[in-house]
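The values are calculated or read from the model by the stated rules, or taken from the named source; none is laboratory data. The structure presented is a predicted model; accordingly, all values stated were derived computationally and were not measured. Glycine gets a Cβ as well: all are built from the backbone with ideal geometry, and neighbour counts include every protein chain shown. All accessible areas refer to the heavy atoms of the entire protein, side chains included, with ligands and DNA or RNA removed. Shrake-Rupley method; radii C 1.70, N 1.55, O 1.52, S 1.80 Å.
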Amino acid sequence: MASPFVEVQVGDRVVKVTNPDKVYFPARGETKLDLVNYYLSVGEGILRALRERPTTLERWPGGVFEGAKLSTRADNRGDAFYQKRIPKNVPEWIETARIAFPSGRYADELSPAHLADVAWAANLGTVTFHPWPVRRADVDHPDELRIDLDPQPGTDFDDARKIALGPVREMLAELGYTGYPKTSGSRGVHIYVRVEPRWTFTEVRRCALAFAREVERRMPDLVTTNWWKEERGEKVFIDFNQNARDRTIASAYSVRPKPHAPVSAPVTWGELPDVDTDDFTIATMPERFARVGDPHAAIDDAAFSLDPLLEWADRDERDRGLGDMPYPPNYPKMEGEPKRVQPSKARKP
């Protein structure tokens, strides 16, 4: 028996939504069709976050049901998975971008150009969109610096917010950068800065590390740049490695795979002191978007030079002896990278 479906008009394209009544988020009973309609309701915002960016799809085809697990490299038997390569037999209007992984392998990823592309992906069970910080026209030079404030056990969103509103905002002003904050949809805070696409992933990551180290110096009791979890303590980790090739962050307006369907919500700096992450869900964001629009609407208006941060990185290395930090474990050994061994395992008895 054929699956039930509805057809949704998105611009001049028709998107087929199969099993539209399938419950995807059990807390309030939102369905797959509710997920598609959510993305349509914030269309201008989600497309601004994804437009012409290679995008990894986090697919939950069975919905976010209790006990559902995300497949990992160690265990691929999960109920959900990341899809980097575009599936076969896609509509002819779907556009892609070819990207290179650190291993040297290639893949053609979805590169949304129209809102229908987003709706099509949502029909596949894509709950969360993970765009690269590059555009299809130049996939080797990021146009976005990503500052990821990741609370560790013992810390929370309030701590990440304190850091964002304190040293992070202060340093952005010193650099002459405009940063655009958003909630992660969980406990963290992300700040994006548009940069001129003139530097490699390695150089952008080096700038992110220099920025993170300066934040750590200004708020050492609450901030850490230690890559190894056993050394972080009860602090907020600034994940500089999110700027490495093939590392992605949930986009603005992406839904996160939790029963109440929280959303990674763009906010203004003025709103950030008072926001509650539980306020942003697929049930509440459409009304907010209709009322206030997209707080990131001006994000593409200016792109900044990374030269000041490269100078900070040179200073750290020259005056403080601070070189590179480890890459994630699935990366090949990188030039200048220190030993990639967990400290407790590297110590001799």
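Name the single residue that is nearest to Glu230 (Cα to Cα) among those in the range 316-334 being out of contact with any helix residue (DSSP H, G or I) (no Cβ under 8 Å at 6 or more places or on another chain) and free of Cβ contacts under 8 Å to residues at least 24 places away in the same chain.
Pro329
Gly63 fails exactly one of the following numbered conditions: (1) in contact with a strand residue (DSSP E or B) (Cβ under 9 Å, 6 or more places away or on another chain); (2) at positive phi; (3) surrounded by fewer than 17 Cβ atoms within 10 Å (Cβ to Cβ). What is the number of that condition?
For Gly63, the failing item is (3).
Please go through the range 46-61 and give me each residue that is among the acidic types (Asp, Glu) and either free of Cβ contacts under 8 Å to residues at least 24 places away in the same chain or part of a loop (DSSP other than H, G, I, E, B) (or both), ordered by number.
Across the range 46-61, the qualifying residue is only Glu52.
For Ala113, work out the one condition from (1) open to solvent by less than 30 Å² (accessible area, probe 1.4 Å); (2) more than 17 Å from the chain's Cα centre (by Cα); (3) within 24 Å of Asn241 (Cβ to Cβ) it doesn't fulfil.
All conditions pass for Ala113, except number (3).
Among the residues of the range 30-46, write down those that are within 16 Å of Thr128 (Cβ to Cβ) and either open to solvent by 60 Å² or more (accessible area, probe 1.4 Å) or among the hydroxyl-bearing types (Ser, Thr, Tyr) (or both).
Selection gives Asp34, Tyr38, Tyr39.
What's the number of the only condition in (1) open to solvent by 10 Å² or more (accessible area, probe 1.4 Å); (2) in contact with a Lys or Arg (Cβ under 6 Å, 6 or more places away or on another chain); (3) of a type outside the set (Phe, Trp, Tyr) that Pro197 fails to meet?
Every listed condition holds for Pro197 apart from (2).
Please list, ordered by first then second residue, the pairs with beta carbon atoms under 6 Å, 6 or more apart or interchain, first in the range 67-85 and more than 17 Å from Phe25 (Cα to Cα), second in a loop (DSSP other than H, G, I, E, B) and open to solvent by 100 Å² or more (accessible area, probe 1.4 Å).
Going by the 6 Å Cβ cut-off, the qualifying pairs are Gly78/Lys69.
Given (1) open to solvent by less than 60 Å² (accessible area, probe 1.4 Å); (2) touching a helix residue (DSSP H, G or I) at 6+ places or on another chain (Cβ under 8 Å); (3) in a helix (DSSP H, G or I), where does Ala290 come up short, assuming only one miss?
The number of the failed condition is (1).
Which residues, taken from the range 234-255, are more than 22 Å from Ala97 (Cα to Cα), of a type outside the set (A, V, I, L, M, F, W, C) and open to solvent by less than 50 Å² (accessible area, probe 1.4 Å)?
Asp239, Asn241
Please indicate, with yes or no, whether at least one residue in the range 240-258 is among the acidic types (Asp, Glu) and in contact with a Ser or Thr (Cβ under 6 Å, 6 or more places away or on another chain).
No; the residues of the range 240-258 include none that is among the acidic types (Asp, Glu) and in contact with a Ser or Thr (Cβ under 6 Å, 6 or more places away or on another chain).
Being aliphatic (A, V, I, L, M), open to solvent by 10 Å² or more (accessible area, probe 1.4 Å) and in contact with a Phe, Trp or Tyr (Cβ under 7 Å, 6 or more places away or on another chain) narrows it down to one of Ala74, Ala49, Ala27, Ala80, so name that one.
Ala49
Residues being open to solvent by 30 Å² or more (accessible area, probe 1.4 Å) and part of a loop (DSSP other than H, G, I, E, B): count how many of those fall in the range 256-273.
Going through the range 256-273 one residue at a time, the tally reaches 9.
Tally time: how many residues in the range 167-196 are touching a strand residue (DSSP E or B) at 6+ places or on another chain (Cβ under 9 Å) and outside any loop (DSSP other than H, G, I, E, B)?
Restricting attention to the range 167-196, the residues satisfying the condition of being touching a strand residue (DSSP E or B) at 6+ places or on another chain (Cβ under 9 Å) are 167-169, 172, 175-196.
Subset that is outside any loop (DSSP other than H, G, I, E, B): 167-169, 172, 175, 180-183, 189-195.
Qualifying residue count for the region: 16.
Which count do you get for residues in the range 1-31 that are in contact with a Gly (Cβ under 7 Å, 6 or more places away or on another chain) and not in a strand (DSSP E or B)?
1
Report yes if Asp148 is of a type in the set (D, E, K, R), within 23 Å of Asp294 (Cβ to Cβ) and open to solvent by 10 Å² or more (accessible area, probe 1.4 Å), otherwise no.
Taking the combined requirement at face value, the residue satisfies it.
Within the range 151-182, take every residue that is aliphatic (A, V, I, L, M) and in contact (Cβ under 8 Å) with a residue 12 or more places away in the chain and give me the one that is surrounded by the fewest Cβ atoms within 10 Å (Cβ to Cβ).
Checking each candidate, the answer is Leu165.
Would you be able to say whether some residue in the range 228-247 is in a loop (DSSP other than H, G, I, E, B), without any contact (Cβ under 8 Å) to a residue 60 or more places away in the chain and within 29 Å of Tyr38 (Cα to Cα)? Let's see the steps before the verdict.
Going through the range 228-247, the residues in a loop (DSSP other than H, G, I, E, B) turn out to be 228, 232-235, 239, 244-247.
Now restrict to residues that are without any contact (Cβ under 8 Å) to a residue 60 or more places away in the chain: none.
No, the range 228-247 has no match at all.
Filter the range 299-349 for residues that are basic (Lys, Arg) and either over 22 Å from Val193 (Cβ atoms) or open to solvent by 100 Å² or more (accessible area, probe 1.4 Å) (or both) and give the result.
Arg318, Arg320, Lys333, Lys339, Arg340, Lys345, Arg347, Lys348
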